[in-house]
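The values are calculated or read from the model by the stated rules, or taken from the named source; none is laboratory data. Please read all numbers here as calculations on a predicted model, not as lab measurements. Note that we place each Cβ from the backbone using ideal geometry, even for glycine, and neighbour counts take in every protein chain shown.
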Amino acid sequence: MSLVKISKAYINELKAKQTMPRTPEPHLLMSQADQVIAYNKGGEPDGSLAPIHFYAIEQASKTFQICRRVLDLGVGTGHVITKMALVNPRIQFLGIDLSEEMLNIASQQVEKFNLKNVILQKADMTKLDQLNQKFDGVMSTLALHHLPTNLSLNTVIAQSLKVMMADHINLFFLI
């Protein structure tokens, strides 16, 4: 998607008569073992998040058809990134999260499917410049609502654009 299209969409959103206030939910961050286990269970094929994950994978795969390197912000327990990697084997994925507990389960998912095109890393999505890498796609599924302020959300969007290769802007955010 071009910067012009993104700008037009953003302007249309600003002009929309009906708006919903953003309700940050940092208190819903999952760092306790029981929370992580419950969230992981929701991501299983018969879990409550499975339909949302299926939708995200289908739409993100369309968005990233021409991409070679995709960054996943807030990778969580890895259900989305592993399935994305399975259906898009030519794409290299980097999944980041701040939660060691989430990354441990995501690691198990990557090992379970023996994926060579997924790397997981503990990192802060508001500090993407510290990755010192460029991507032609950035995605996030069900993580951005955890950001504590509108400023932090704006920071993530700005950082996402900065880590994009100059000739590619492919974003998929499912908040």
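Once region 102-122 is narrowed to residues that are β-branched (Val, Ile, Thr) and touching a strand residue (DSSP E or B) at 6+ places or on another chain (Cβ under 9 Å), the residue that is surrounded by the most Cβ atoms within 10 Å (Cβ to Cβ) is 118. Of the residues screened, residue 99 is one that is polar (S, T, N, Q), within 18 Å of residue 147 (Cα to Cα) and under 17 Å from the mean Cα position of the chain (by Cα). Only one of the numbered conditions (1) on the phi < 0 side of the Ramachandran plot; (2) buried (at least 23 other Cβ atoms within 10 Å of the Cβ); (3) in contact with a helix residue (DSSP H, G or I) (Cβ under 6 Å, 6 or more places away or on another chain) is not met by residue 70, and that is (3).
Listed here are the residues, each with its yes/no results for (1) more than 21 Å from residue 61 (Cα to Cα); (2) touching a helix residue (DSSP H, G or I) at 6+ places or on another chain (Cβ under 6 Å); (3) among the β-branched types (Val, Ile, Thr).
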| site | (1), (2), (3) |
| --- | --- |
| 84 | no, yes, no |
| 91 | no, no, yes |
| 95 | no, yes, no |
| 101 | yes, yes, no |
| 109 | no, yes, no |
| 114 | no, no, no |
| 123 | yes, no, no |
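Please determine whether any residue of region 94-101 is in contact with a Ser or Thr (Cβ under 7 Å, 6 or more places away or on another chain), surrounded by fewer than 22 Cβ atoms within 10 Å (Cβ to Cβ), within 24 Å of residue 33 (Cβ to Cβ) and not hydroxyl-bearing (Ser, Thr, Tyr). Checking region 94-101: at least one residue is in contact with a Ser or Thr (Cβ under 7 Å, 6 or more places away or on another chain), surrounded by fewer than 22 Cβ atoms within 10 Å (Cβ to Cβ), within 24 Å of residue 33 (Cβ to Cβ) and not hydroxyl-bearing (Ser, Thr, Tyr). Taking region 1-69 as the region of interest, the helices (runs of 4 or more DSSP H) fully inside it that hold 2 or more residues being modelled with pLDDT of 85 or more are 33-42, 50-63. Based on this model, can you work out whether residue 85 counts as modelled with pLDDT of 95 or more and part of a helix (DSSP H, G or I)? Yes; evaluated as a whole, the condition is true for this residue. Of all residues in region 35-45, none are out of contact with any helix residue (DSSP H, G or I) (no Cβ under 7 Å at 6 or more places or on another chain), farther than 22 Å from residue 104 by Cβ, surrounded by 13 or more Cβ atoms within 10 Å (Cβ to Cβ) and not basic (Lys, Arg). Considering region 123-175, the residues that are without any contact (Cβ under 8 Å) to a residue 60 or more places away in the chain and of a type in the set (D, E, K, R) include one that is surrounded by the most Cβ atoms within 10 Å (Cβ to Cβ), namely 124.
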